[in-house]
Amino acid sequence: MKEMIKIIGGAALLYLVIVMLIAVLPAIDLSKTPAGPGVVPLTPLEAHGRQVFAANGCAYCHTQQVRPTPADANLGRPMSPGDFKYRTPVLAGSERTGPDLTNVGTTRGSDVWQYIHLYDPRAVEPDSIMPNFKFLFRVVDTVPEGETAVPLPPQFAPKHGHVIPTADAKALVAYLLSLKQTKIPGYSMNGAMGGTTSAAAPSTAGGTSAAGDTAQGASLYSSHCAACHQASGAGLPGAFPPLKGNAVVQDRDPTEHIHVVLNGLHGKAIDGVTYGGAMPPFAGLLNDADIAAIINHERTSWGNAAPTVTAADVKAVRDGKPVAAPTTPATAPAVASPTAAATPAAAEKSAYQFDAKRGDALYASTCAACHQASGEGLPGAFPPLKGNPAVLADDPAEHLSTILHGVHGKTINGQTYSSPMPPFGGQLDDEQVADIANHERTSWGNAARHVTPADVAKIRARK
Amino acid sequence: MQSSPLAPASVTAEDEQALSRVFSAYTLTGTLWLLFGTAVGLLVAFKFGAPDFWAEKYLTFGRLRPIHTNSVFYGFATLMLIGAAYHVVARSCGTRLYSAKLAWLGLWLFNIAAVAGTVALSLGYNYGDLEYREWPWPIRLIFIAAVAVTGWNLLATMLHRASRDLYLSNWYIGAGVLWGSIIAIVAIIPIYQHGLGMMAISGYYMHNAVGMWFTPLALGLFYYAIPKVLNRPIYSYSLGVLAFWTNLMFYPLLGGHHFLFSPLPWWLQTAAVICSVAMIVPVFAGSANYLLTMRGRYHGRIESYPLAFLFIGVLCYLFGSTQGTLEALRSLQDLWHFTNFTVGHSHLTMYGFVTFAAWGAVYALLPLSTGKNPGRFGMATHFWLALVGMGMYVIALSIGGSVQGWDWIQHAPFIKSVTDMKTYYLWRGIGGMLMFVSHIVFAWNVWRMTFGKSGDAPSPIMEPEAESTP
């Protein structure tokens, strides 16, 4: 009896002490770790998506954990304790059979891509070994009001009907798109947020001379662009535009091409096809040399034969200056270049990046009372913004003017609205107006091009 | 429990039968979980090559994967180890089982938990993909109740032992059930598990479930089964004592090595690395003790399959643990963490060590309990298929995992690390297939040792060597 208490009781007691010291007490302390800068709780929809993520065991193949190691240097900045405040369950993962998802909201920021990929991963990545998640989708004969069919390539689509996401799929995609690292003020890794490939691979010369490194360009293209535009450069019909033979890519003046890679693109018609998905901006993810390498890969592959660019050109566009060999930017209205490198406000323009969350919040507090969160307005009282011609117009003049100066007694789609809309020019600055306008232009199925604070300033100055 | 431990209840033939029935029932249900869990494992391995195969909701990879790990951990390994532990504790204490009823109650609770856990995971009730504690908490409460009932029964049996001294096996088994209860309770309390706090508990749990639950039970079986089969005493009692206390000092801390380079406090990570290295002491002391007990019986290892299973178990304990020490070094983490190398490591340890130990103990002890032997050919088939299958499995994933890690360090496009693994996934699948077939043979052997017709294998106890009695 005595010996048993000594040995087994002692062993249990000692273990209990060790467990308190190395697990329970640290965990009590760590649970109080405050949120890092910009780290926000998930919305109810995103939280629902996280449940779908955990229920289907996504974390068994996908980590959400960037380490300060060479292997992880191209995945983002290393995790900081503040990143975990709202991450219960943590879903950090233990295997990386598939890629890390810490920044998937940035690197695969297109909901269309996410839907296609979930429905059949091999539609966008032929070598993928991820299972399909067709059980998160429904096949319907006619697309119901308010739903959007997933634009699947024909060989991956069901023979009949349209594929629409279920509530679980929408929540999951909302969660995935919310996975973005926040910037930590004062923290920098190679200048940009997150590491870059050329910083970590010592074989690559940094700075301006990296442009000629074709292997580097091919590799970067493969990890950052091929998911949508495909290794063949052919894109996916109806979902992602081709780069092969693409007018912007082939243009001798690289300004537009560089600008799109830096700042992303949304709702643009290319060869008569309008693409629903948004291309994410890469300015925060890659440095100038890497972007130059990617652009040169695109300009010289698949039969494309356009002049190459240098890291200095990328820097120039990033800073809103004209590129080194200035071919006068064509003012072709069909392209409607948001670059407009010639205007004096260009510097401010390229510094602005539409932040969907900010736009959403501003819209909710300023506009949704009348126009409704759904953008559908109230019949006979407040006009819909969804499908509204002024909102969808490629020229944003009327849209911006209405927000700035208000409107009264206007007839929209045959219906006259008597209640006046107040002017918001006095209470919102240019950037806020741009955020709201962009939210409206890209929500509820709307897909018009983005506007910039400079555009707003122009309209404001007109009156 | 006031009755004096020095006055053991005399063991009747009825008690012997009751113990034998308990041992058989635990082994049989454990074997069913082995078949189910590894069938799921095989299906999951197959999906690496055919991702669209059975991709339906309830059969999707991410739901089957935790079903595989939980059913082999808490269905198979736990039941097999505890069944043999009842036999070891009662016999080494020279007494009857404290309560056969409690043993049956524990068996029901373990099985109910494992069935409910499997159904819950399949329906998508997963506790945050936190490894080895995915079952929803009510089901884990049932598991905790099962461990508590088992611990009570085993410790009460030890209290009624005939001898004054407590044999080493009982140190490990007795402490193991208490450690197991502490682990399960710490992991289920939610108040300190938010964000990083949850991550710290996960790191603790993942490795303590392995190191302070499965490992002590398996080592406890080694200390009884190896001397029993060899018909000679353990080489050194003191080495066993050293291994016991050092294991307790070093093992609990090393779970943090699953989260090296994470934002967990650096001291916790460094302590984990140091303790992973310090684990060399108990691992080498324990392995040396077992191997020295087998000294001079090289021939016997081939002749006696129970000993062959135990021998492989000891070797994998030595290799697997040493490999774990290496993996915990920060420089090697760079290469291997998050890769399939760790999957190879977990099979070398949970399969090569724990599972072979459980099989060795069952082959060595169940015939003594039931009086029935398996067939010699059946044991041989089981042994070689399992050994070769595991070898292919571990080697394929060790090489593949290194390739994978190297691809990431090179910053190759991610998909390259997927396509590079194809061959290794295939070999892993072939190895897994051999392992699964061996389990069917094992199930047949278990049937012959319990309810079936006794086979032609000789008694697991070897003839004592007259000239080398220490």
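Among the residues of the range B:228-269, those identified as without any contact (Cβ under 8 Å) to a residue 60 or more places away in the chain, more than 15 Å from B:Ser321 (Cα to Cα) and among the small types (Gly, Ala, Ser) are B:Ser236, B:Ser238, B:Gly256.
Screening the range A:133-160 for residues that are charged (D, E, K, R) and farther than 20 Å from A:Leu236 by Cα and picking the one that is farthest from the other protein chains (Cβ to nearest Cβ) gives A:Glu145. I want to confirm something. Restricting to the range A:112-132 and keeping residues that are within 22 Å of B:Lys57 (Cα to Cα) and touching a Ser or Thr at 6+ places or on another chain (Cβ under 7 Å), which single residue is nearest to the other protein chains (Cβ to nearest Cβ)? Out of the qualifying residues, it is A:Pro131.
Within the range A:227-279, which residues are surrounded by fewer than 18 Cβ atoms within 10 Å (Cβ to Cβ) and hydrophobic (A, V, I, L, M, F, W, C)? Result: A:Ala234, A:Ala247, A:Ala269, A:Ile270, A:Val273.
Run down B:Ile395, B:Ile415, B:Ile399 and say which single residue is assigned to a helix (DSSP H, G or I), touching an Asp or Glu at 6+ places or on another chain (Cβ under 6 Å) and either within 14 Å of another protein chain (Cβ to nearest Cβ) or closer than 19 Å to B:Ser346 by Cβ (or both). Only one candidate passes the filter, namely B:Ile415. Condition check for B:Phe311 on (1) out of contact with any Leu (no Cβ under 8 Å at 6 or more places or on another chain); (2) part of a loop (DSSP other than H, G, I, E, B); (3) surrounded by 21 or more Cβ atoms within 10 Å (Cβ to Cβ): one failure, at (2). Total residues in the range A:245-287 satisfying the condition of being assigned to a loop (DSSP other than H, G, I, E, B) and closer than 15 Å to A:Ala312 by Cα: the figure is 5. Within this structure, B:Gly431 passes the test of being closer than 25 Å to A:Pro131 by Cβ, assigned to a helix (DSSP H, G or I) and touching a residue at least 24 places away in the same chain (Cβ under 8 Å).
Take B:Ile182 and tell me if it is farther than 24 Å from A:Ala59 by Cα and at the interface with chain A (Cβ under 7 Å from one of its Cβ atoms). Let's see the steps before the verdict.
Values: farther than 24 Å from A:Ala59 by Cα: yes; at the interface with chain A (Cβ under 7 Å from one of its Cβ atoms): yes.
So B:Ile182 fits the description; yes.
Please work out which residue is nearest to A:Pro121 (Cα to Cα), limiting yourself to the range A:151-195 and to residues that are in contact with an Asp or Glu (Cβ under 6 Å, 6 or more places away or on another chain) and either at pLDDT below 90 or not hydroxyl-bearing (Ser, Thr, Tyr) (or both). Walk me through it before giving the result.
Quick first cut of the range A:151-195, residues in contact with an Asp or Glu (Cβ under 6 Å, 6 or more places away or on another chain) only: A:156, A:161, A:164, A:173-175, A:178.
Narrowing further to those that are either at pLDDT below 90 or not hydroxyl-bearing (Ser, Thr, Tyr) (or both): A:156, A:161, A:164, A:173-174.
Values: A:Phe156: 10, A:Gly161: 20, A:Ile164: 16, A:Val173: 14, A:Ala174: 18 Å.
Among residues in the range A:151-195 that are in contact with an Asp or Glu (Cβ under 6 Å, 6 or more places away or on another chain) and either at pLDDT below 90 or not hydroxyl-bearing (Ser, Thr, Tyr) (or both), the one nearest to A:Pro121 (Cα to Cα) is A:Phe156.
If you check B:Phe319, B:Phe341, B:Phe311 for being in contact with a helix residue (DSSP H, G or I) (Cβ under 6 Å, 6 or more places away or on another chain) and more than 14 Å from every other protein chain (Cβ to nearest Cβ), only one passes: B:Phe311.
Results for (1) buried (at least 21 other Cβ atoms within 10 Å of the Cβ); (2) small (Gly, Ala, Ser); (3) in contact with a Pro (Cβ under 7 Å, 6 or more places away or on another chain); (4) more than 12 Å from chain A (Cβ to nearest Cβ), shown as yes or no for each residue.
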| residue | (1), (2), (3), (4) |
| --- | --- |
| B:Arg232 | no, no, yes, yes |
| B:Ser236 | no, yes, no, yes |
| B:Tyr251 | yes, no, no, no |
| B:Tyr290 | yes, no, no, yes |
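Might you let me know whether the range B:273-281 holds any residue that is among the polar types (S, T, N, Q), modelled with pLDDT of 85 or more and outside any loop (DSSP other than H, G, I, E, B)? Looking for residues that are among the polar types (S, T, N, Q), modelled with pLDDT of 85 or more and outside any loop (DSSP other than H, G, I, E, B), one finds at least one in the range B:273-281, hence yes. Restricting attention to the range B:41-74, the residues that are at the interface with chain A (Cβ under 10 Å from one of its Cβ atoms), over 15 Å from A:Ala54 (Cα atoms), under 24 Å from the mean Cα position of the chain (by Cα) and touching a residue at least 60 places away in the same chain (Cβ under 8 Å) total 1. Looking across the range A:36-78, the residues that are of a type in the set (Gly, Ala, Ser) and within 9 Å of another protein chain (Cβ to nearest Cβ) come down to A:Ala54, A:Ala55, A:Gly57, A:Ala59, A:Ala71, A:Ala73.
The listed residues are B:Gly220, B:Gly240, B:Gly211, B:Gly203, and the only one of them that is within 14 Å of another protein chain (Cβ to nearest Cβ) and within 27 Å of A:Asp72 (Cβ to Cβ) turns out to be B:Gly203. Quick check on A:Leu91: is it facing chain B (nearest Cβ under 10 Å), touching a residue at least 40 places away in the same chain (Cβ under 8 Å), more than 19 Å from the chain's Cα centre (by Cα) and on the phi > 0 side of the Ramachandran plot? Judged against the criteria, A:Leu91 is a match.
Only one of A:Gly109, A:Gly82, A:Gly98 is within 14 Å of chain B (Cβ to nearest Cβ), surrounded by 19 or more Cβ atoms within 10 Å (Cβ to Cβ) and of a type in the set (Gly, Ala, Ser); which?
Numbers: A:Gly109 fails: within 14 Å of chain B (Cβ to nearest Cβ); A:Gly82 fails: surrounded by 19 or more Cβ atoms within 10 Å (Cβ to Cβ).
Step by step, each of A:Gly109, A:Gly82, A:Gly98 is checked, and only A:Gly98 is within 14 Å of chain B (Cβ to nearest Cβ), surrounded by 19 or more Cβ atoms within 10 Å (Cβ to Cβ) and of a type in the set (Gly, Ala, Ser).
So that you can scan it fast, the table gives a plain yes or no per residue for (1) at pLDDT 80 or above; (2) of a type outside the set (Asp, Glu); (3) in contact with a Leu (Cβ under 8 Å, 6 or more places away or on another chain); (4) not in a helix (DSSP H, G or I):
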position	(1), (2), (3), (4)
A:Ser401	yes, yes, no, no
A:Leu404	yes, yes, no, no
A:Ser419	no, yes, no, yes
A:Glu431	yes, no, no, no
A:Asp435	yes, no, yes, no
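Counting only residues that are surrounded by fewer than 18 Cβ atoms within 10 Å (Cβ to Cβ) and within 17 Å of the chain's Cα centre (by Cα), the range A:426-443 holds 0 of them.
Filtering the range B:253-266 to residues that are within 9 Å of chain A (Cβ to nearest Cβ), part of a helix (DSSP H, G or I) and among the aromatic types (Phe, Trp, Tyr) leaves only B:Phe259. Among all residues of the range B:83-105, there is at least one that is over 29 Å from B:Val441 (Cα atoms), within 14 Å of chain A (Cβ to nearest Cβ), out of contact with any Ser or Thr (no Cβ under 6 Å at 6 or more places or on another chain) and not hydrophobic (A, V, I, L, M, F, W, C). Within the range A:1-25, residues that are on the phi < 0 side of the Ramachandran plot and within 7 Å of chain B (Cβ to nearest Cβ) sit with their Cβ atoms under 9 Å from residues that are part of a helix (DSSP H, G or I) and among the hydroxyl-bearing types (Ser, Thr, Tyr), at 6+ positions apart or across chains, in these pairs: A:Ala12/B:Ser181; A:Val19/B:Tyr204; A:Ile22/B:Tyr204; A:Ala23/B:Tyr204; A:Ala23/B:Tyr205; A:Val24/B:Tyr204. If the condition is being surrounded by 19 or more Cβ atoms within 10 Å (Cβ to Cβ) and within 13 Å of another protein chain (Cβ to nearest Cβ), then the range B:328-338 contributes B:Gln333, B:Leu335, B:Trp336, B:His337, B:Phe338.
Which of the residues that make up the range B:79-101 are without any contact (Cβ under 8 Å) to a residue 60 or more places away in the chain and in a helix (DSSP H, G or I)? Give the steps one after another, and end with the answer.
Taking the range B:79-101 as the starting set, the residues that turn out to be without any contact (Cβ under 8 Å) to a residue 60 or more places away in the chain are B:79, B:99, B:101.
Matches in the range B:79-101: B:Leu79, B:Lys101.
The values are calculated or read from the model by the stated rules, or taken from the named source; none is laboratory data. These numbers come from a predicted model, not from an experiment. Here Cβ is always computed from backbone atoms with ideal geometry, including for glycine, and neighbour counts include all displayed protein chains.
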